[in-house]
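**Q** One structure, pasted below without further comment.
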Amino acid sequence: MYEFAVTPAVTQLRRPGVTITEVSPGSLAEELEITPNDRIVRVNGRTVRDYLDFRFQTAGETELTFQVKKPTGQTIEIEFDRDEGEDFGLMFEQIVPRQCANECIFCFCKGNPEDARPSLFVRDEDIRLSFLYGNYTTLSSITEDEMKRIVEQRLSPQYVSVHATDLKTRAYLLGVDEKRADISDKLKRLLDNDIELHAQVVLCPEINDGAILEKTLRDLAAHYPKVVSTAVVPVALTRYNTDERLTRVTPEFCRRTIKEVEKLQKEFRRTLGTTFAFLGDEIYIKGGVEIPSRRHYGNYPQIEDGVGMVRAFLGKFERIVRHRSVPPASAGGAYSAHPGVNIRVQREAVVPTKDRLTASRPPANAGGTDLFGTVLTGEMFAPILSEQVKEYNEAFSTRLHVLAVPNTYFGGDVSVAGLLTGQDYRAIAGKVKGDFVIIPKHTIKSDEPILLDGMSFDELKSLFAVPVYDLDADGLIDFLAK
Ligand code: SF4
C-alpha cells in the first residue's frame, strides 16, 4: 500500500483545483509565470479536481487556457499554445485519499498501537490511488461519479479487494450489509468497459478459506484476462488485533492452503496459460514450503503485494554470486517503468522523492572485497537472506551479516521487514557488526524521513556508531553488485 501524508481530507476534496508544488526552471510553466502554491482551477473551461484531471484535460491539447488562482486570492486566465507533447514543467500536490466506509474485521488500522504515526490510520479507498499506485479498494462505497471517471479517463488497471465472491462472507469480512458488499454489477460494468482488474483476497482462516476461496478464485478466473491476476495474502494480526472472530494463520494452515490452491493453479495454467491465483510469499515461508519457481510468477503481476518478491530477489542474488552483475529488467527484477519504484506506480503518479530526504546511499566503492557490515531485516526474510549472504561472503571474501530484527512494536504475526520501527532497531543496535548498517528502505515514510513509530531517521542514525543506509531490495542488489 502506498502511504500518504495526513491532511484534512474532506476540506481538501471540496477545494477546487490542484496546487502546484514545483515549477522547473526554464520550463513552459515558468515562462507562463506560474509559481509554486498557484492553484490550477480550470483547463479549457473544465473543472480540475486533482492532477489526474489536469493530465486528462491537457492530454493532446496544444491550445490551452488555464484558470489559475494565486495565493493572494486573485484568479487569472492564461491562454497559450504549446508544442505537441511539450511538458509543462510542473509538479503537483499529492492526491488526498478518499476514505473507506467499511469496518473490515482485519483492518490494519485496528492493529496499530495508539501512538503510531497518523498516516497509518488513514483508511484510503480511492480509485485514483488504485490506478496511480496500485492501492487496493473494495469498490463498496464507490460513487457513480467515480465509476464514470474510471471509464472516461481510462483509470485502468484497478486493484480490487474482493476477499470472497460469496456475498455473505464478503459482507461479514467488510463489516457492511450485503447490499453494500455486493459489487457484482460494478465489476461487470468495469469489465464491460475494458477496465482491467487485479484482485486481492486477504485470507482469514475459517472465514474465506477452503471452499469459499476456491469459489472466489474460480469466479474471478472466469473473467481472465480482464481480471488479470489475484493475490491471496494471509491476514496479519498484530498484538492489538483482539477481535475474537479472527484466527491466526498457522504453518499447518499455510501448508493446507498451498495444497488446495496448487490444484487450481495447475488448472489455470492449463486452461488460461497463467497461474492467475498467486499466494503471498509469507504463506510459503510460514508453511516451510519452497518458494515457487520464476515461471510460476510470470511477469510478477502482484509483486508489490508481497507475491513473488522472494523469488525475484533470489533470482537476482544468485546472478550476482555467479556473475557479479545486476540482472536485466526482464530477468525478474526491475519490473517497473520507474526503477526502484513500485511496479504498479503509473507514469502519471507523483512519487515522493525520499532519496532527497534521506540521502543515504552507501559510497560507490563500498562493494569491494573488504565489505564488512550488517544487513537488518524482518524475522520472516532473515533466514532466506542469511543463506544468500553466506554464499556471497564465500564467493567474494566479504564479511556481511544478516540480523533478524524482531518486531516488538506491532508484535503478533508481524515479521515482515517493511513494518520494522525505530524502537525495534533500537533494541538490536548493540548487536550490529562492521562498518555500516543497512536497513530496509520501506521502513522510512515515503515523503518524510521518519519511521513508523515516529522516530526520525536522524535519531535512528544516532543509535548506531556506524553509518546507516536505507536500501530497498533493488538497492541492496545494486550495492552488492558493484
Ligand atoms: S477497506 Fe477495510 S481494510 Fe481497507 S481501510 Fe477500509 S476498513 Fe480497513
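**Q** Looking at (1) of a type in the set (Asp, Glu); (2) surrounded by 16 or more Cβ atoms within 10 Å (Cβ to Cβ); (3) out of contact with any strand residue (DSSP E or B) (no Cβ under 9 Å at 6 or more places or on another chain); (4) farther than 27 Å from Ala211 by Cβ, which is the one condition that is false for Glu152?
**A** So the condition that Glu152 fails would be (2).
**Q** Would you check which residues across region 138-152 are more than 15 Å from the ligand (Cβ to nearest atom) and assigned to a loop (DSSP other than H, G, I, E, B) and list them?
**A** Of everything in region 138-152, just one residue is more than 15 Å from the ligand (Cβ to nearest atom) and assigned to a loop (DSSP other than H, G, I, E, B), namely Thr143.
**Q** Please find, among Gly306, Gly298, the residue that is closer than 30 Å to Gly412 by Cβ, buried (at least 16 other Cβ atoms within 10 Å of the Cβ) and at pLDDT 55 or above.
**A** Checking each option against the conditions leaves just Gly306.
**Q** Being at pLDDT 85 or above, among the acidic types (Asp, Glu) and in a loop (DSSP other than H, G, I, E, B) is the filter here, so list the residues in region 115-125 that pass it.
**A** Hit for region 115-125 is Glu125, nothing else.
**Q** Suppose we keep only residues that are touching a residue at least 60 places away in the same chain (Cβ under 8 Å) and in a loop (DSSP other than H, G, I, E, B) within region 81-94. Which one would you say is nearest to the ligand (Cβ to nearest atom)?
**A** Gln94
**Q** Does Val416 satisfy the criteria of being more than 17 Å from Phe479 (Cβ to Cβ) and either more than 27 Å from the chain's Cα centre (by Cα) or at pLDDT 95 or above (or both)?
**A** No; evaluated as a whole, the condition is false for this residue.
**Q** Return the residues of region 419-446 that are part of a loop (DSSP other than H, G, I, E, B), modelled with pLDDT of 90 or more and under 13 Å from Asp470 (Cβ atoms); say none if nothing qualifies. Step through it out loud before you land on a result.
**A** Our first condition is that a residue be part of a loop (DSSP other than H, G, I, E, B); within region 419-446, this holds for 420-421, 432-436, 445-446.
Next, only the ones that are modelled with pLDDT of 90 or more stay: 420-421, 432-436.
Result: Leu420, Phe436.
**Q** On the given criteria, is Gly210 in contact (Cβ under 8 Å) with a residue 12 or more places away in the chain, at positive phi and within 16 Å of the ligand (Cβ to nearest atom)?
**A** Details: in contact (Cβ under 8 Å) with a residue 12 or more places away in the chain: yes; at positive phi: yes; within 16 Å of the ligand (Cβ to nearest atom): no.
No: the conditions fail for Gly210.
**Q** Here's a follow-up. Closer than 24 Å to Gln94 by Cβ and loosely packed, with under 15 Cβ neighbours inside 10 Å - does that describe any residue in region 184-193?
**A** We begin by selecting, within region 184-193, every residue closer than 24 Å to Gln94 by Cβ; these are none.
No.
**Q** If you go through region 98-109, how many residues are in a loop (DSSP other than H, G, I, E, B) and near the ligand (Cβ under 10 Å from one of its atoms)?
**A** Residues flagged as in a loop (DSSP other than H, G, I, E, B) and near the ligand (Cβ under 10 Å from one of its atoms) within region 98-109 amount to 8.
**Q** Give me a count of the residues in region 110-137 that are more than 16 Å from the chain's Cα centre (by Cα) and either near the ligand (Cβ under 9 Å from one of its atoms) or among the small types (Gly, Ala, Ser) (or both).
**A** Matching residues across region 110-137 total 3.
**Q** Specify the residue that is modelled with the highest pLDDT; the eligible residues are those in region 381-413 that are among the hydroxyl-bearing types (Ser, Thr, Tyr) and surrounded by fewer than 16 Cβ atoms within 10 Å (Cβ to Cβ).
**A** Thr408
**Q** Of everything in region 420-441, what is surrounded by fewer than 19 Cβ atoms within 10 Å (Cβ to Cβ) and in contact with an Asp or Glu (Cβ under 8 Å, 6 or more places away or on another chain)? Give them in sequence order.
**A** Once the filter is applied, which keeps residues that are surrounded by fewer than 19 Cβ atoms within 10 Å (Cβ to Cβ) and in contact with an Asp or Glu (Cβ under 8 Å, 6 or more places away or on another chain), region 420-441 yields only Gln423.
**Q** Additional query: Looking only at residues that are under 23 Å from Asn102 (Cα atoms) and among the hydroxyl-bearing types (Ser, Thr, Tyr) in region 180-225, which one is farthest from the chain's Cα centre (by Cα)?
**A** Looking at the filtered set, the residue picked out is Ser184.
**Q** Failed condition for Ser156, given (1) more than 20 Å from Leu220 (Cα to Cα); (2) away from the ligand (no atom under 14 Å from the Cβ); (3) small (Gly, Ala, Ser), with all others met?
**A** (1)
**Q** Tell me, yes or no, whether region 164-172 has at least one residue that is farther than 28 Å from Glu206 by Cα, among the acidic types (Asp, Glu) and away from the ligand (no atom under 12 Å from the Cβ).
**A** The answer is no, given that none of the residues of region 164-172 is farther than 28 Å from Glu206 by Cα, among the acidic types (Asp, Glu) and away from the ligand (no atom under 12 Å from the Cβ).
**Q** Taking the condition of being assigned to a loop (DSSP other than H, G, I, E, B), of a type in the set (D, E, K, R) and either touching an Asp or Glu at 6+ places or on another chain (Cβ under 8 Å) or at pLDDT 90 or above (or both), how many residues in region 447-475 meet it?
**A** Final tally of qualifying residues: 1.
**Q** Can I ask one more? When the residues of region 54-80 are narrowed to those that are touching a residue at least 40 places away in the same chain (Cβ under 8 Å) and under 25 Å from the mean Cα position of the chain (by Cα), which ends up nearest to Glu152 (Cα to Cα)?
**A** Phe56
**Q** Restricting to region 241-294, and then to whatever is more than 24 Å from Gly411 (Cβ to Cβ) and of a type in the set (Gly, Ala, Ser), can you tell me which residue is surrounded by the fewest Cβ atoms within 10 Å (Cβ to Cβ)?
**A** Here the answer is Ser293.
**Q** Just the residues that are among the acidic types (Asp, Glu) and under 27 Å from the mean Cα position of the chain (by Cα), please, taken from region 428-482.
**A** Of everything in region 428-482, those that are among the acidic types (Asp, Glu) and under 27 Å from the mean Cα position of the chain (by Cα) turn out to be Asp447, Glu448, Asp453, Asp458, Glu459, Asp470, Asp472, Asp474, Asp478.
The values are calculated or read from the model by the stated rules, or taken from the named source; none is laboratory data. Here the structure is a predicted model, which is why all the values come from computation and not from measurement. Don't worry about glycine lacking a Cβ; one is built from the backbone with ideal geometry, like all the others, and counts go over all protein chains shown.
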